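The structure under discussion appears below in the form of structure tokens.
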Amino acid sequence: MINKRLLIRNLLSHHDENSFYDKKRQLNLHSKEGKGKFLKHVCALSNSNPKNNSFLVVGIEDEENLIVGTDFYDDSKIQNLVNAFLENPPTIQYENVPFPDLPPNRVVGLVTVRPQKGLTSFKKAIYTIPVGTFFSRMGSNSVPDVWPKENGNRALVESIEKISRNNLNHILDSVVSFVTMAHKDMKADYCVFKEFFVVCWAGKPRKIRDKVFYSRVDIELINEQIKLFYSTFDAVTIDYNKDEFVITEYLHLGLKDATTYYPFERLVLHFYENGSYTMKNTLLFEPPKYNPKLLGHIYQANLKLLDKLERREPLTSSQERDLAQLPQTMMICYLNNFEAAKAVLIGAKDLLKQAENEAVYSSFKEVMRILRKVKYEVNEE
């Protein structure tokens, strides 16, 4: 079992960017430019490493090689993006890796690109990349239409992965740190599966009717040092038996004070006797439906509020409350066939980021995470 935190440290400590390893400060998958750049690097890493894993590490300040972290990125459908735009696409995996010195809402993103025989190229154009383009790695650069050379990375990558494997000391230290230090103000617990896997979780419990919901939830698979779930907003139920650990996420949605809990997504970890495990995501969400006339009034009011923000006019206390709800109400509008609402919300990103109430921008990021999962349409932007 590879400890992903050790793997990242070993990549950073011993290797500059090369044909099997790239690092980025952040990803931006909201825009065509950001998607295009991400796909370019995946394509290049795939073509340059047909016999071994390759890696893209997100949350690293390039010049100083510092671990600065990035937002928790929870998108089980990122493979869909790769499959939609790339011919002969590799299998990729995005994992959120916590580091002790980072704030609890910051992680390092690790994209693992699995070996793939044959040339990977673009079957759809995106941003400035035309159909048919392929990329390969030349040193630290991803270059177009240069046929990849045999690089002999396999033995080196396998040696890095070998020295990054877990041991009992790492696992025990991580469990103790999670339960006793990282979450002193919350209920924390852990469970061992198949005498090998350890899952730790923490959150603030709240019983609603017959269910216990957790808020401010943090869940980690300790063996691989990966964050399975992190949110300061949503409600989560946790269930487990001897074989499975089940996380069911709920969204607290509505207009004004008329809100309710909607099942959103279920993640099931199934552990096997042979020391392996699988993770399966199932989207459960059925968006709430509202009267179009009512939503039309809310949508227009939001547009006026954004215009007022852009002109830097002072807001009334009532408008401040509406601003706090704006990302969520725009999402509800979009899910009720106000198609322009998503583009308007994305276009207002910088305005919301500058809002005096920091929760406004946090809500924006949470809404974008939800929309990526609910309606992952790679052609719409």
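Summed over region 93-110, residues that are in contact (Cβ under 8 Å) with a residue 24 or more places away in the chain, closer than 26 Å to residue 136 by Cα and surrounded by fewer than 22 Cβ atoms within 10 Å (Cβ to Cβ) total 1.
Listed by position, the strands (runs of 3 or more DSSP E) enclosed by region 167-229 that each have at least 3 residues that are within 22 Å of the chain's Cα centre (by Cα), at pLDDT 90 or above and closer than 23 Å to residue 70 by Cβ are 197-208, 211-221.
Do the conditions hold for residue 255, that is, is it within 26 Å of residue 107 (Cβ to Cβ) and out of contact with any helix residue (DSSP H, G or I) (no Cβ under 6 Å at 6 or more places or on another chain)? Write out each step before concluding.
Working: within 26 Å of residue 107 (Cβ to Cβ): no; out of contact with any helix residue (DSSP H, G or I) (no Cβ under 6 Å at 6 or more places or on another chain): yes.
Spelling it out, it is not the case that residue 255 is within 26 Å of residue 107 (Cβ to Cβ) and out of contact with any helix residue (DSSP H, G or I) (no Cβ under 6 Å at 6 or more places or on another chain).
Taking region 296-338 as the range and being under 29 Å from the mean Cα position of the chain (by Cα) and of a type in the set (Ser, Thr, Tyr) as the test, the residues that pass are 299, 329, 334.
Sort through 132, 59 and tell me the only one that's of a type outside the set (Asp, Glu) and free of Cβ contacts under 8 Å to residues at least 24 places away in the same chain.
On the way: 59 fails: free of Cβ contacts under 8 Å to residues at least 24 places away in the same chain.
None of the others qualify; the one that does is 132.
Of all the numbered requirements in (1) β-branched (Val, Ile, Thr); (2) modelled with pLDDT of 95 or more; (3) over 28 Å from residue 202 (Cβ atoms), residue 246 misses one, and that requirement is (3). For region 201-255, taking the residues that are surrounded by 19 or more Cβ atoms within 10 Å (Cβ to Cβ) and small (Gly, Ala, Ser), the one that is nearest to residue 165 (Cα to Cα) is identified as 202. Scanning region 259-295 for residues that are in a helix (DSSP H, G or I) and either under 26 Å from the mean Cα position of the chain (by Cα) or surrounded by 14 or more Cβ atoms within 10 Å (Cβ to Cβ) (or both) turns up just one, 295.
The values are calculated or read from the model by the stated rules, or taken from the named source; none is laboratory data. What you are looking at is a predicted structure, and each value in this text was computed from that prediction instead of being measured. Heads up, the Cβs are rebuilt from the backbone with ideal geometry, glycines too, and the neighbour counts pull from every protein chain shown.
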